[in-house]
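Down below is the structure, laid out as structure tokens.
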Amino acid sequence: MEELRSLISDVPVVWRELDHLKQAFVVLKAIADFTYCGVTPLLFDKSHLSLRSLTLVPLVAVSFVAADAAMYFALAKSADATQVWIALLLVAYSLVFFWWAQYTMSTTPGLTAAFSNDEPAFLITNGPWAFVRNPLYSAYLASLVAGFIVTSSSNHPDHGHIFLVSHAGGIALAGLLVAFSIFYQAIREEEGKFSASKLRAKHEAYKKKVWCLLPLSDVFGR
């Protein structure tokens, strides 16, 4: 508890150490990750939730929080302007695809959360789904990758929170890998449900045209 109180009290101190570009990145990423951890669970039909949904989704939230905390306290010395600009673009992509997906889904009620045990009744192929098969997972991962990019060179344990700062890159990478493993399993199961449903032929054709997590549909002749 003492360490937690110390972290909280040091938040304004660290903020003053950041330049304007890094402050803008922190604000944008905080908006994105708060949205994903706080808003997303409220947007899906809860009637088909499984026990794994209730256990793995909070684990993803922990991955976001841990990675963001490490990133914030290490950011002052762990990234140059190029890294921050790349990270900003990734978070911007993340927010655009997330809210574009929400707008597209606003006319498609009854969507269920990851690891739900329902049978798919429809296949969305418009909006961001025209560019990437899993735009929400793509958005979440883009935000986590952004956090790793700006902490990957963290090696300055001269802050009061030595372990957090000197291991920021490893913490961000761990959060990314944990979240990716959960998302990948969710994607496999969701696409498996389509393969066992009446929508199999339509989904197989869609898979050949649109990539899983990268917005590269029809690139390289796919």
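Regarding residue 106, is this residue small (Gly, Ala, Ser), within 24 Å of residue 181 (Cα to Cα) and either under 15 Å from the mean Cα position of the chain (by Cα) or modelled with pLDDT under 90 (or both)? Here the answer is no, as residue 106 does not meet what is asked. For the stretch 69-83, the set of residues classified as of a type outside the set (S, T, N, Q) and either at pLDDT below 90 or crowded, with 22+ Cβ neighbours inside 10 Å (or both) consists of 69, 70, 71, 72, 73, 74, 75, 76, 77, 79, 80, listed by residue number.
The values are calculated or read from the model by the stated rules, or taken from the named source; none is laboratory data. Treat the numbers as computed from the prediction; the structure is a model and nothing was measured. With ideal geometry, Cβ positions are generated from the backbone for all residues, glycine too; neighbour counts draw on all protein chains shown.
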